[in-house]
1. Sort through Val128, Val198 and tell me the only one that's open to solvent by less than 70 Å² (accessible area, probe 1.4 Å), assigned to a loop (DSSP other than H, G, I, E, B), within 22 Å of Asp84 (Cβ to Cβ) and out of contact with any His (no Cβ under 6 Å at 6 or more places or on another chain).
2. Taking the criterion of being open to solvent by 70 Å² or more (accessible area, probe 1.4 Å) and at pLDDT 90 or above, would at least one residue in the stretch 55-74 satisfy it?
3. Taking the options Ile150, Ile161, name whichever one is farther than 23 Å from Leu107 by Cβ, β-branched (Val, Ile, Thr), at pLDDT below 95 and in contact with a Leu (Cβ under 8 Å, 6 or more places away or on another chain).
4. Do we find that Val167 is exposed (fewer than 14 other Cβ atoms within 10 Å of the Cβ) and either under 28 Å from Val144 (Cα atoms) or out of contact with any helix residue (DSSP H, G or I) (no Cβ under 7 Å at 6 or more places or on another chain) (or both) in this structure?
5. Mind listing whichever residues of the stretch 180-195 are part of a helix (DSSP H, G or I) and either over 17 Å from Ala119 (Cα atoms) or open to solvent by 70 Å² or more (accessible area, probe 1.4 Å) (or both)?
Amino acid sequence: MAFCRNCGAQLGAEDKFCSSCGTPVAAPKPPQAEAPVCENPQAAGETAQPQQPSFQQPEQQTAYQANIAVAPQPRKSADDHTADYDPQDISRNNIFAVLSYLSWLVLIPLLAAKDSKFARFHANQGLVLAIGGTALGIIRAIVVAILRTIIYAISYRLSFIITLVSVVFTLLGIGLGVLSIIGIVYAASGKAKELPLVGKIRILK
């Protein structure tokens, strides 16, 4: 049953105007569907919110990890073999390694530290220098003696040749001494580095 909103008179079902005051009858509003009640508001809120993109996409992460995997590693020098030896062996036998470059004192590490790979490495180089120095002295004595005999038989004025030859052998001896000093520095600092010129020669296995 409906009533006029202006005068309150009763209206019929099909009346479009009030019979008393003539006020138009408002059309009834269609029923609205009730919104479904969400049983889990937290889940609904999560569904309604759009997913935010991550700061770093999976493709970027994969590429970043790949770059780390293929990053170049520092390469050691070709003549430096320190990493191949036990640090404890190096610390215990570096004194014997130093003795390897004091001419024929190289025999001490060969006998007293024969089980040390580090000392044996330097003993090999020290033995090469000791043999080279001894051979150089013998060759110098022979060459100078032969030249002295020949030159004095020809003319004493050619004696400067003997001096030049002696200077050459002296320079070679100084070169061996420099290599010995370098070897001592390497051994004292715990490095197993090959010496220039003679480092590739292997006498000891």
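The values are calculated or read from the model by the stated rules, or taken from the named source; none is laboratory data. Quick caveat, the model's predicted, so the values are computed rather than measured. In this analysis, Cβ positions are derived from the backbone assuming ideal geometry, glycine residues included, and neighbour counts consider all displayed protein chains. SASA here: full protein model, heavy atoms, side chains in, ligands and nucleic acids out. Shrake-Rupley method; radii C 1.70, N 1.55, O 1.52, S 1.80 Å.
1. Val198
2. Among the residues of the stretch 55-74, not one is open to solvent by 70 Å² or more (accessible area, probe 1.4 Å) and at pLDDT 90 or above, which makes the answer no.
3. Only one candidate passes the filter, namely Ile161.
4. So Val167 fits the description; yes.
5. The answer is Ile181, Val185.
Each row is one residue, and each column tells you yes or no for (1) under 26 Å from Gly175 (Cα atoms); (2) open to solvent by 80 Å² or more (accessible area, probe 1.4 Å); (3) of a type in the set (Ser, Thr, Tyr); (4) in contact with a Leu (Cβ under 6 Å, 6 or more places away or on another chain).
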{"residue": "Asp79", "(1), (2), (3), (4)": "yes, no, no, no"}
{"residue": "Tyr85", "(1), (2), (3), (4)": "no, no, yes, no"}
{"residue": "Ile90", "(1), (2), (3), (4)": "no, no, no, no"}
{"residue": "Ile95", "(1), (2), (3), (4)": "yes, yes, no, no"}
{"residue": "Ser100", "(1), (2), (3), (4)": "yes, no, yes, no"}
{"residue": "Trp104", "(1), (2), (3), (4)": "yes, yes, no, no"}
{"residue": "Pro109", "(1), (2), (3), (4)": "yes, no, no, yes"}
{"residue": "Ala113", "(1), (2), (3), (4)": "no, no, no, no"}
{"residue": "Lys117", "(1), (2), (3), (4)": "no, yes, no, no"}
